[in-house]
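The values are calculated or read from the model by the stated rules, or taken from the named source; none is laboratory data. Treat the numbers as computed from the prediction; the structure is a model and nothing was measured. Here the Cβ is made from the backbone with ideal geometry for all residues, glycine too, and neighbour counts use every protein chain on show. SASA here: full protein model, heavy atoms, side chains in, ligands and nucleic acids out. Shrake-Rupley method; radii C 1.70, N 1.55, O 1.52, S 1.80 Å.
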Amino acid sequence: MDLRLLRLPLWMLSFGGLALTGCSLAHKFFEPNITEESITEVRYLDQGWSEEDRQLFYSTPQGTELQGLHYKWLEALELPFSEEKLASAENMRGWGFIVEREKASEADLGVHPVGMGNHVNPEDDSVRLDLGCALCHTGELHYKGTALRVDGGQAIHGMSTGAPGEFTHSLGVTAVEMLFNPAKWNRFADNVAGDDPQQRRQLKKDFAAFRKRFFEFAKGPGNPDNFPTTEGRGRTDAVGRIANVVFGYNLGIEDNYTKADAPVSYPFLWDIWRFDWVQYTGFTNQAMARNVGESLGVMAPVKLVDETGALLPEGEFGQSTINVEGMQCIETTLRKLRPPKWPEDVLGKIDIQQARRGKALFADQCAHCHGPHESKPYSWALAAGPEDNPAGQRSVNWQWDMSGQVSYDEQNRPVREDWRESIWAIPWIDISVIGTDPNAAQNYVNHEFDPGPLVPRDPTDPNDAENRRVNAGDGLQLLLNTLVPVLYENSGIAADSNGVADYDGLNVPFRIVNKTAYKARPLHGVWATPPFLHNGSVPTIYDLLSPLEARPVRFGVGHREYNPAKLGYVTDLRPGNFEFDTRQTGNKNSGHLFTDADVNGRIGKRLDEGERMALLEYIKVMGNPDFSEALGGDPQNWNQYPAAPHSAIGEQACNQFRHASATRFATREESR
């Protein structure tokens, strides 16, 4: 949250007593930045999930926290200078969160949207708000009053932005107001603690601790000076935030805070278990390492160093709320998720002749990058001892490497055989070739950090301070090579019965690559994932296929009204929207060009209007087995690809979360 925006109101509080009066001027100044939506029906697209699968994804915790905010508090908090609930269904929807159907008529009650679950914090056994995977990886497309739910899709909320009127800013302002407004505090305490004097005293102490952590974080890794490019709705600088939290906040090295000016959209999740390399720049290969790194960036509490900056001793290092069992359950469940199918009864009938023409165009112009490029599963070379490093990594934990399911190649070298029947080899496209905004790729490789106690100092090396610096990927590898095995040990995950191999993600050891490039992922279901390019700088697929000069320079982001003709969100700027300006640093909409000019970023010939529309028609149904016969056969038919290996260990990890999920589902059905 931008603390500078609070200075004027706090000055007014001290002189005008606004917190006590709740005057209309202050209420107007802090009113929520809400996008209005009119929805009469919610449709869950056919993606192969059962209702139990969906609810597991929506509610399974991963161990993240919002600076210790208690789960129950969210229901009781009010908007700044108002008695209206902060987390009403109307407000949460208006901020871009997804509120389930049974909450739609409960505008007067605080609600928890999809992805806001809970976990028990071991420090005090309190039930804390948990920001789960579904919060950022569930989407909706709205068309003529129907909301099409896209599980595993791209969220469009502004959770990470501290702009005035957004969720996080409103939360911070109301936390401050309760210091000065006893009536507001008493209403909150009545809802949470009732009349019990001891519980009310404890609540005041706990809330003060939350408020302190909230603003300490806002002055450190959350400082707006670290984010010169506004993230807005549906984006976050994921790697930049993780790096600032881990190397600055968690290691206690303030000099490590750096500019994060490369916001990216939340990626869609179906089929990611098939990829050999993940993240927008394809810098890592392992599900658990990716997820633990993400949880740290989303503020999962973790103990790493003592007051002197030294690593904590064994037994204390790695104490955390990070829930590797929850992460394994989510990964196992996501392997069942299929791409969404185009709903003809809502978005319109498919022109099969146009789609057939588009199929040929896609094969000629797009498939050479986007594939899918099927490959035999890899045999990952392992470090068999402390001096081994067969993959040339900045850091390797040979004991973790050898804790998976190990076999030996023809030269008797240890390897992990990937458990997948086949994988999708994801090509890296250099930034000079693809021509899209380079910031995310360049920042990942070029921003360097002091690893602190993660790398021993060498007093004999005069250049030690410089030589020991690491970029984000190598620095995370240094940490996660130690942290993840500790998390496994604390959760009772052992190499026996292939527990570590399964939790690692289908027996894949943790590796990092450093390339100034972006991965070209397969595009099944991409029609349901606007906006486009890694930074969300192009609102529709039609615009992406158009010449650069025809792409919108500025457009609105925040509402979810879909344009089925262009395959993307409607671009007009509405109340509550964020204005996306492609002229800002990190927001370029260049590259990925279909043009006859010899320029950087050219990937294919210039497309005429008819070719663009044909491609759009095919993309609507590309890979959908229901249309394969009508298309005269579809080389992208997703039924041809092998299913994920069954994971009994992953299903077992889900067992502890199924009861809570089933209870919530039963409550939903009863309320209907």
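Things to note:
- The lone exception for GLU294 - which of (1) acidic (Asp, Glu); (2) farther than 30 Å from TRP638 by Cα; (3) open to solvent by 20 Å² or more (accessible area, probe 1.4 Å) it fails: (2)
- Residues in region 297-307 that are under 18 Å from VAL455 (Cβ atoms) and either buried (at least 19 other Cβ atoms within 10 Å of the Cβ) or among the polar types (S, T, N, Q) (or both): LEU304 alone.
- Pairs where the first residue, in region 66-90, is among the hydroxyl-bearing types (Ser, Thr, Tyr) and the second is part of a loop (DSSP other than H, G, I, E, B), C-beta under 6 Å, 6+ apart: SER88/ALA107
- Residue check for TRP277: open to solvent by 20 Å² or more (accessible area, probe 1.4 Å), under 18 Å from the mean Cα position of the chain (by Cα) and within 30 Å of TRP527 (Cβ to Cβ): yes
- Taken over region 403-412, the residue count meeting the criterion of being closer than 20 Å to SER497 by Cα and either touching a residue at least 60 places away in the same chain (Cβ under 8 Å) or open to solvent by 60 Å² or more (accessible area, probe 1.4 Å) (or both) is 4.
- Test result for ASN535, under 21 Å from the mean Cα position of the chain (by Cα), of a type in the set (S, T, N, Q), on the phi < 0 side of the Ramachandran plot and open to solvent by less than 30 Å² (accessible area, probe 1.4 Å): yes
Condition check ((1) open to solvent by 40 Å² or more (accessible area, probe 1.4 Å); (2) over 22 Å from the mean Cα position of the chain (by Cα); (3) in contact (Cβ under 8 Å) with a residue 12 or more places away in the chain) across all residues:
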{"site": "PRO414", "(1), (2), (3)": "no, yes, yes"}
{"site": "GLU421", "(1), (2), (3)": "yes, yes, yes"}
{"site": "ILE431", "(1), (2), (3)": "no, yes, yes"}
{"site": "ASN439", "(1), (2), (3)": "no, no, yes"}
{"site": "ASN443", "(1), (2), (3)": "no, no, yes"}
{"site": "PHE449", "(1), (2), (3)": "no, yes, yes"}
{"site": "PRO456", "(1), (2), (3)": "yes, yes, no"}
{"site": "THR460", "(1), (2), (3)": "yes, yes, no"}
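- Some residue of region 29-50 being β-branched (Val, Ile, Thr), in a loop (DSSP other than H, G, I, E, B) and open to solvent by 40 Å² or more (accessible area, probe 1.4 Å): yes
- Among (1) closer than 30 Å to LEU337 by Cβ; (2) open to solvent by 10 Å² or more (accessible area, probe 1.4 Å); (3) in contact (Cβ under 8 Å) with a residue 60 or more places away in the chain; (4) touching a helix residue (DSSP H, G or I) at 6+ places or on another chain (Cβ under 9 Å) - the single one VAL246 does not satisfy: (2)
- Test: residue in region 262-277 that is touching a helix residue (DSSP H, G or I) at 6+ places or on another chain (Cβ under 7 Å), over 23 Å from GLY568 (Cα atoms) and without any contact (Cβ under 8 Å) to a residue 40 or more places away in the chain: no
- Residues located in region 626-654, provided they are farther than 17 Å from ALA287 by Cβ and in contact with a Gly (Cβ under 7 Å, 6 or more places away or on another chain): ASP634, GLN636, ASN637, TRP638
- Unmet criterion (only one of (1) surrounded by fewer than 17 Cβ atoms within 10 Å (Cβ to Cβ); (2) in contact with a Gly (Cβ under 6 Å, 6 or more places away or on another chain); (3) modelled with pLDDT of 95 or more; (4) not aliphatic (A, V, I, L, M)) for ASN600: (3)
- Members of region 515-558 that are under 16 Å from THR436 (Cβ atoms) and hydrophobic (A, V, I, L, M, F, W, C): ALA517, ALA520, LEU523, VAL526, PHE532, LEU533, VAL538, ILE541, LEU544, LEU545, LEU548, VAL553
- Residue within region 468-482 that is open to solvent by 40 Å² or more (accessible area, probe 1.4 Å) and in contact (Cβ under 8 Å) with a residue 12 or more places away in the chain present: yes
- Considered as a group, the residues in region 354-387 that are touching a residue at least 12 places away in the same chain (Cβ under 8 Å) and under 21 Å from VAL484 (Cα atoms) include one that is surrounded by the most Cβ atoms within 10 Å (Cβ to Cβ), and that residue is LEU382.
- Within region 7-44, considering residues that are in contact with a strand residue (DSSP E or B) (Cβ under 6 Å, 6 or more places away or on another chain) and among the aliphatic types (A, V, I, L, M), the one modelled with the lowest pLDDT: ILE39
Table: residues versus (1) in contact (Cβ under 8 Å) with a residue 40 or more places away in the chain; (2) over 20 Å from MET116 (Cβ atoms); (3) assigned to a helix (DSSP H, G or I); (4) touching a Lys or Arg at 6+ places or on another chain (Cβ under 7 Å).
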residue: VAL150; (1), (2), (3), (4): yes, no, no, no
residue: ALA155; (1), (2), (3), (4): yes, no, no, no
residue: GLU177; (1), (2), (3), (4): yes, yes, yes, yes
residue: LYS184; (1), (2), (3), (4): yes, yes, yes, no
residue: PHE188; (1), (2), (3), (4): yes, no, yes, no
residue: ASP195; (1), (2), (3), (4): no, yes, no, no
residue: ARG213; (1), (2), (3), (4): yes, no, yes, no
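- Inter-residue pairs, beta-carbon under 8 Å, first free of Cβ contacts under 8 Å to residues at least 60 places away in the same chain and in region 600-615, second outside any loop (DSSP other than H, G, I, E, B) and buried (at least 18 other Cβ atoms within 10 Å of the Cβ), 6+ apart: ARG606/PHE594
- For region 558-566, the criterion of being open to solvent by 30 Å² or more (accessible area, probe 1.4 Å), in a loop (DSSP other than H, G, I, E, B) and at pLDDT 95 or above is satisfied by at least one residue.
- Here is the figure for region 603-630: residues that are buried (at least 18 other Cβ atoms within 10 Å of the Cβ) and part of a loop (DSSP other than H, G, I, E, B) total 5.
- Taken over region 627-648, residues that are farther than 24 Å from TYR542 by Cα, in contact (Cβ under 8 Å) with a residue 40 or more places away in the chain and of a type in the set (Asp, Glu) amount to 0.
- Any hit, region 308-330, residues being over 21 Å from LEU56 (Cβ atoms), crowded, with 23+ Cβ neighbours inside 10 Å, at pLDDT 95 or above and more than 14 Å from the chain's Cα centre (by Cα): no
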